[in-house]
Amino acid sequence: MSSIRRILWARRIPTGDGDLVADVVFPPGHDETTGPLPTLVARTPYGRQSFLREVWLRLVDRGYVLVACDLRGRGDSDGRFAPWQRDTGDGVTVIEWAAAQPWSDGRVGTIGGSYDGLTQWWAAAGRPAPLRCIVPMAVGVRGRPGGRPFMDTGIPWQYWMWWFALTAGRTRQDVTAPAWGRHWAHRPLRTFHEAVGFPTAAWPDYVEGRIDCLGPGWRLSEEELAAVDLPALIVLGWWDDLTTLETWQALQAGPHAANKHLLVGAWDHVGNIVPRARLGGEDVSAGSLDPLAVVGEFLDRHLKGGTVPELPRARMWHSGANRWEDLAGYPGGTGERVLHLALDESGSGVLRRDASGPDTTDEWLHDAADPVATLTPLDAFAWSDPPHDQRYLEARPDVRVYTSAPLTAPVTVSGRGRFELSVSADAADADVFAWITDVHPDGRSMLPAGFELEGRRLSVRNGPRPEPLTDGEVVRVGVDAQWLHHTFAAGHRIRVLISSAFTPTCAPATGSDAHWADQEHGRPFAVRVHHGPTHPSTVHLPLQ
Amino acid sequence: MRFLDEYGVDVRFDEAIAGSDGCRLSVNMFRPNGIRPSATVIVWTPFGNGRSTPLGPSPVPSLGSPRHCRRLAAAAQVTVVSVDIRGRGDSDGEFVPFVHEQADADAVVTALAGHPWCAGPVVVMGQGYGAACAVAAARNATGLVTAAFLISPPGGPGEVFPGRDGVRRADLLVWRHLMAGRHPLPTGFADWAEVLTRPWQEQEHGLGHENLGWADFGATAAGLPGDAPLPVPVTILTGWWDPACRPSWALARSCPDAELVVGPWTAYAARHPSQHVGGIDWGPGSVVDPLELQVDLLHRASEPARRTRVFVTGDNAWHDLPRTPSTVEWTLRPSSSRGAWTTAGDGQLADTAGTGADEFTSDLADPVPAQPSLGQAVSPSAPAQLDLTFVDGRHDVLVYTSAPLPAPRLVLGELTLELDADSDSPAEALWVASVEDVFPGGTASLHLALGVAAVRPGERKAVLRLGPIGHRFLPGHRVRLRLAATCAPLFRPADHVPAREQRRVHHAGTALRLPEVVR
């Protein structure tokens, strides 16, 4: 059979408000006169030709026609791109158009990751009749209950300007061209897009709160998620967008949980397509597989029927234990271990199971002009690979470290940890970030999951309405930790890192209570974590 | 976190400029940080000015790519603006080849002249299609444009687009496919061998397009600016095996203030320097970085052009030439006694004319290949082959070879072939001629020039313009002329041509004329 694939280029799909443009790819030996075949639809802002890579065409070769479509205002499609704004109508139109073509058997599945996963959720919300299954990879769509901006953390992400630059104009831009380094410290951030050289980027919409990650234009409501009765395969890597697992949690709790499946491996955002053997300086090859082969099995079952076996509910890479597990559900944690943050006699941070001990305080100087910064290269942001070993961050005086004693028996954490922290600052506002590492006997402090980490802006500790800090006030804040399915082996130690900044992803707090986009760097100020009976700080780990 | 700012250049991406009818065109701007730019460079590109990778492996970024603009802005301390032409990259509107470029180019220059990032004289640049836009701007916006830098300017209709001397280029279907959307479309999915051998009317469909404008391609080429003189200093870069060599040569001759650089390059190598071109190592001295020429032009904007520099093959060295080299006509005429089929025939080139004729049968189903494979036709970065021995054994190629030369002879300028030939076809007859240097021993040859003509039914005479060469035939080397009726997939066969036709070349009326430099 010839390896030449028939492609119908730039087919125009009328919407009643301009045309959308798609390429139609047939498997070898097929063309528009043969078939009909089950059909895959991908909708992307990154250029529809991105689906003509060999990795995606392997799915086509399983016997599908692929319709790869530019989103409205992107590539050759008409109109203007509205990032992070649900385009359910366009999604339904493309799916129905594809299913109505003579080469389609009327059964449609959708594929793609990240934004291309988001567009699947948006289309599914419109319940197009031909849609039989979806494979939204590496993206979350479940809103968070607190009502705060920026994924309910209150902390704006400077990273998004990089993404808005990537998707400025109609085609994918060369984001290595701007001098990101020189401009990353630009203030006020309201004009960041101008400074960095993308005046037409959607940054002002983010600044003004018109669009937001997991915001109203992005998320699906709990009711909409519960109503998704289609089979869905959720794919994710541990060093990836972990908000995806909140979406999974909602699906698993919904009325159609039985046809939802989860695949989580040892890869990062781009690794959902082709995982890398080394990640963050760590050999993760044992935890990688061929995700698109799993996707192919899922599509075969739901678009071709027959005898293709069902995937397990959750196929997870169990880090630390270093094995794949097929689970009846995730998370599997039923218990909880609470560890208390404290200082020992030498002043070193420790994690203890008992709450007794004196009241102590850990203080550092937060400087927005010299914030905690990961080794993320700015010109390759989302595709970069900063070290998993966090010791380069721990060496900073503004990253505080709390470490357990070596474990005498393995501890398996399955689910999402949570911090309850007592914090104060010599400023009207500040941020706090906290995350968990696994300290190996040789001293490596390895990040078991997470790329973007979460924190909490102190002024929104009680809800979306800002409440500036007053003099020396100690406040209690909850901060989500990473989702994990991880075993801390005997001899290892559990470590918690706490900081007041996490750049370049997040814009560092300046201590001001002005709008974040109007602030200058300001002067350094002290931030404290409190421990002990009066102002306890704890980490809560869901145990399996 | 990496903070290195290696160029010190500010950028402004997707800035809106109004095209000639108000259509939103998108430009990217690059300005050295903290320095008032000494000039403004405007570069036109049809491949998307935001593309993050060069087209093909190359140490030198493509003209108009972000990497190129950043380097040029930093190196010359100028503002560089790269323009997405209408319907390409981030620009609105529909791309119809050649139609909007003249008016849009004028509008872009006028709009940018008043932009706060732009200062100093305006210098326009482009390569290939982009060079046509730059030529259009330089010719019309006279008061604003002060200089031009062109790589492979395609000249007017009948030079490169839509074909040559009345013969359509079949391989431009690949280019048209590449240009069929805002992103360059991939070329790796089609069975080009199958598509390009279909009747041209069926090729669009065979390729998977609904309407590529392939039928109208010839008509729209009338919008090309041609090779009328430019009123500003111009630097032109081309290569001997660049299809735009002939129009580049002509444009340089017509302009009062032109610097012409012709290297041992294909069109791709003129854009992406390499010392290995066509299977030959031309030596490190053959390599010219276009960026250096651009900076040089910007630094001497008000000075007159200096010279014509050509890389003389055979010598394999650069020569500075006078504007009009003094040459005499060296004429070689074909003859044969047994027949000139294949290199095993006895076709000869000599000072005296033969009196006979050579015949051959041309089979449309088995055309003479332009290259051993389709690589060059499908991808400009594919290796070219300059040794034409792969057609040595074909009976549909007439081969005429001179005796070994007793002394070196330097040829510099355009070759022409006066052809006296006929065909039994009721349709137009294509004639393709190539000239080579045959190395001593005859096992290797170097392709120098190619010409084509369409002879109407009933007519016998044609003059084939083979374009310029700069070549020294060394002692012991021989000159070879090949004649054929097809050259696939470079030239499209004439419509209604029969499957097989009988061709005849008359020796007495046929002459190859080479301009030889007088000592």
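The values are calculated or read from the model by the stated rules, or taken from the named source; none is laboratory data. For clarity, every value in this text was computed on a predicted model and none was experimentally measured. FYI the Cβ positions are ideal-geometry reconstructions off the backbone, even for glycines, and counts take in every protein chain you see.
Residue count for region A:54-75 satisfying the condition of being of a type in the set (D, E, K, R), out of contact with any Leu (no Cβ under 9 Å at 6 or more places or on another chain) and touching a residue at least 24 places away in the same chain (Cβ under 8 Å): 2. When the test is whether a residue is over 23 Å from B:Arg513 (Cβ atoms) and assigned by TED's automatic domain parsing to the domain that holds B:Gly509, B:Gly339 passes it. The set of residues in region B:161-210 that are touching a strand residue (DSSP E or B) at 6+ places or on another chain (Cβ under 6 Å), of a type in the set (Gly, Ala, Ser) and not in a loop (DSSP other than H, G, I, E, B) contains only B:Gly163. If you take the residues in region A:200-211 that are touching a residue at least 24 places away in the same chain (Cβ under 8 Å) and assigned to a loop (DSSP other than H, G, I, E, B), which one is farthest from the other protein chains (Cβ to nearest Cβ)? The qualifying residue farthest from the other protein chains (Cβ to nearest Cβ) is A:Gly209. With the structure loaded, tell me whether B:Val27 is crowded, with 24+ Cβ neighbours inside 10 Å, in a strand (DSSP E or B), within 11 Å of chain A (Cβ to nearest Cβ) and modelled with pLDDT of 95 or more or whether it fails that test. The answer is yes for B:Val27. Filter region B:166-225 down to the residues that are away from chain A (no Cβ under 14 Å) and among the hydroxyl-bearing types (Ser, Thr, Tyr) and list them by number. Within region B:166-225, B:Thr197, B:Thr220 meet the criteria.
Can you spot a residue in region A:179-199 that is part of a loop (DSSP other than H, G, I, E, B), closer than 26 Å to A:Val270 by Cα, under 20 Å from the mean Cα position of the chain (by Cα) and modelled with pLDDT of 95 or more? Scanning region A:179-199 turns up no residue that is part of a loop (DSSP other than H, G, I, E, B), closer than 26 Å to A:Val270 by Cα, under 20 Å from the mean Cα position of the chain (by Cα) and modelled with pLDDT of 95 or more. In region A:115-142, which residues are among the small types (Gly, Ala, Ser), in a loop (DSSP other than H, G, I, E, B) and surrounded by fewer than 22 Cβ atoms within 10 Å (Cβ to Cβ)? Of everything in region A:115-142, those that are among the small types (Gly, Ala, Ser), in a loop (DSSP other than H, G, I, E, B) and surrounded by fewer than 22 Cβ atoms within 10 Å (Cβ to Cβ) turn out to be A:Gly126, A:Ala129.
Among the residues of region A:55-79, those identified as more than 10 Å from chain B (Cβ to nearest Cβ) and either within 24 Å of A:Ala165 (Cα to Cα) or assigned to a helix (DSSP H, G or I) (or both) are A:Val55, A:Trp56, A:Arg58, A:Leu59, A:Val60, A:Ala68, A:Cys69, A:Leu71, A:Arg72, A:Gly73, A:Gly79. Just so you know, in region B:262-279 the residues that are part of a strand (DSSP E or B) and without any contact (Cβ under 8 Å) to a residue 60 or more places away in the chain include one that is surrounded by the most Cβ atoms within 10 Å (Cβ to Cβ), and it is B:Trp265. Taking first residues from region B:418-436 that are within 10 Å of B:Glu501 (Cα to Cα) and partners that are basic (Lys, Arg), the Cβ contacts under 6 Å between residues at least 6 apart in sequence or on separate chains come to B:Ser423/B:Arg503. For beta carbons closer than 7 Å, sequence separation of 6+ or different chains, a first residue in region A:23-41 that is in the same structural domain as A:Gly306 (by TED's automatic domain parsing) and within 21 Å of B:Leu185 (Cβ to Cβ) and a second that is polar (S, T, N, Q) and assigned to a loop (DSSP other than H, G, I, E, B), the qualifying pairs are A:Pro28/A:Ser2; A:Pro28/A:Ser3. The residues on offer are A:Val284, A:Val274, A:Val308, and the sole one that is buried (at least 18 other Cβ atoms within 10 Å of the Cβ) and in the same structural domain as A:Thr110 (by TED's automatic domain parsing) is A:Val284. Residues that are surrounded by fewer than 24 Cβ atoms within 10 Å (Cβ to Cβ) and closer than 20 Å to B:Gly158 by Cα within region B:216-240 comprise B:Asp216, B:Phe217, B:Gly218, B:Ala219, B:Thr220, B:Ala221, B:Ala222, B:Gly223, B:Gly226, B:Asp227, B:Ala228, B:Pro229, listed in sequence order. Of all the numbered requirements in (1) under 18 Å from the mean Cα position of the chain (by Cα); (2) surrounded by 18 or more Cβ atoms within 10 Å (Cβ to Cβ), B:Trp282 misses one, and that requirement is (1).
Residue-wise test of (1) in the same structural domain as A:Tyr46 (by TED's automatic domain parsing); (2) within 16 Å of the chain's Cα centre (by Cα).
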{"position": "A:Trp121", "(1), (2)": "yes, yes"}
{"position": "A:Ala124", "(1), (2)": "yes, no"}
{"position": "A:Cys133", "(1), (2)": "yes, no"}
{"position": "A:Phe150", "(1), (2)": "no, yes"}
